[in-house]
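Read the structure below first, then the notes.
A short reminder: the numbers here are calculations on the coordinates, not readings from a lab. Computed from a prediction, not measured in an experiment: that's the story for all the values here. Please note: Cβ atoms are built from the backbone with ideal geometry, for glycine as well, and neighbour counts cover all protein chains shown.
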Ligand code: AMP
Ligand code: MN
Ligand code: MN
Ligand code: MN
């Protein structure tokens, strides 16, 4: 029987709400056979997740989701099958977390200038792992009643042209792919349908990604409509990219996303796991 893969998920190490152990247990209970833990810009959860996966009898793929700035927009690049001990990868991720640290302070200052006090300290209470993300600010703002839920708070406070938005530079596409490849992993563009790129920009992104050694595209994602999924499957053929499948699960309070509850890859796709042992 074919195995069920979910190759994109988060734990409390970044902006998810489950511990690596609880995440793996939930994946098992949802019928997943192969789970990738892909925390933003950090790998601290991989050891615990690997042990939990051994206990549960499922396979854990060590992963990471690297924040990239590409010609303006933020693009996420997932690394699958990485060796977390790789020093080039760890030095790169550390630089990104330093930028995150500065950005968190700046988000706090900008929110304060807009009448929201104590946001950095508030966000830090939710940030129990290696970094502070906008999701942690969102939890604080919802707790204080600035919006009814996480999605609404992003729209009102944390996106472009809103008080808590801080423009800035993550790492380059080339760096992200190179660190992942040096760590023995495969680089995959995460939730490509989320970036709302024009077809021209999308082709430019994919061709640069291929040129710097990228391996795959997340064809199936909880961020994708059926039509996004078909579009991405076509891009895979056009650019000779492997296809990945990941829920981008962040925890049970994000009730609209569940582990493994996403469609299978379209038949035309070559799965990124086709030659995994
Ligand atoms: P950051 O990397 O700190 O900029 O935060 C990005 C994270 O915020 C993403 O990985 C999502 O988990 C979350 N996020 C971004 N946009 C939204 C949104 N519109 N609604 C809910 N969560 C979002
Ligand atoms: Mn996230
Ligand atoms: Mn992402
Ligand atoms: Mn993600």
(message) Below 8 Å between Cα atoms, with a sequence gap of 6+, how large is the relative contact order for segment 1-145 in percent?
(response) 21 percent
(request) Can you give me the P(r) profile for the chain? Cα pairs, bins 10 angstrom wide beginning at 0, each as a whole percent. (result) 7, 30, 37, 22, 4, 0
(request) Note down the relative contact order for segment 94-145 as a percent, whole number, built from C-alpha pairs under 8 angstrom at least six residues apart. (result) 32 percent
(message) On a full-extension model of 0.36 nm per residue, what is the gain between residue 71 and residue 143, subtracting their alpha-carbon distance, rounded to one decimal in nm?
(response) 22.5 nm
(message) Please report the antiparallel percentage of the DSSP beta bridges confined to segment 38-96, to the nearest 5.
(response) 90 percent
(message) Run the simple label-point estimate for residue 277 and residue 125 please: 7 Å along Cα→C-beta, distance reported in nm.
(response) 4.8 nm
(request) Evaluate the Debye formula for segment 98-182 with equal point scatterers sitting on the alpha carbons, no solvent, and hand back log10 of I(q)/I(0) at q = 0.13, 0.16, 0.17, 0.25 Å⁻¹, in q order, two decimals. (result) -0.43, -0.62, -0.68, -1.21
(message) Taking 20 °C and 1.002 mPa s as the conditions, I'd like the Stokes-Einstein D for segment 147-187 in µm²/s, using the Kirkwood hydrodynamic radius from alpha carbon pairs.
(response) 169 µm²/s
(message) Run the helix sum for the chain: -39,500 (n - 2.57) per DSSP H stretch of 4+ residues, divided by residue count, reported at 222 nm to the nearest 500 deg cm²/dmol.
(response) -12000 deg cm²/dmol
(request) Run through all the Cα pairs of segment 159-277 and give the fraction in each 10 Å bin from 0, expressed as whole percent. (result) 13, 39, 36, 11, 1
(request) Take the alpha-carbon centre of segment 1-74, take the same for segment 202-269, and report the distance between them in whole Å. (result) 16 Å
(message) Tell me the angle of helix 226-239 to the major Cα principal axis of the chain, expressed in degrees between 0 and 90 and rounded to the nearest ten.
(response) 60 degrees
(message) How much of the DSSP bridge set in the chain is antiparallel, in percent, rounded to the nearest 5?
(response) 40 percent
(message) Over the chain, with a Gaussian network built from C-alpha contacts below 10 Å, which listed residue (139, 160, 224) shows the highest mean-square fluctuation?
(response) 160
(request) Just the number, please: percent antiparallel of the DSSP beta bridges in segment 1-134, rounded to the nearest 5. (result) 50 percent
(request) Using packing as a proxy for protection, rank 212-221, 121-130, 195-204 so that the peptide with the highest average count of other Cβ atoms within 10 Å comes first. (result) 212-221, 121-130, 195-204
(request) Rounded to the nearest 10 degrees, what's the angle between the helix 199-211 long axis and the longest principal axis of the chain, both from Cα atoms, 0 to 90? (result) 70 degrees
(message) Compute the orientation-averaged projected area for segment 55-123 from the convex hull of its Cα atoms and round it to one decimal in nm².
(response) 7.5 nm²
(message) Quick check: the angle from helix 87-113's long axis to the longest principal axis of the chain, C-alpha only, nearest 10 degrees?
(response) 30 degrees
(request) Work the Kirkwood hydrodynamic radius out for segment 18-150: mean of 1/r over every pair of different alpha-carbon atoms, inverted, in Å. (result) 16.4 Å
(message) Can you compute the FRET efficiency between residue 162 and residue 204 using 1/(1 + (r/R0)^6), with r the Cβ-Cβ distance and R0 = 25 Å? Round to the nearest 0.05.
(response) 0.35
(message) For the chain, what does the relative contact order come out to in percent, with C-alpha contacts under 8 Å and a separation of six or more?
(response) 20 percent
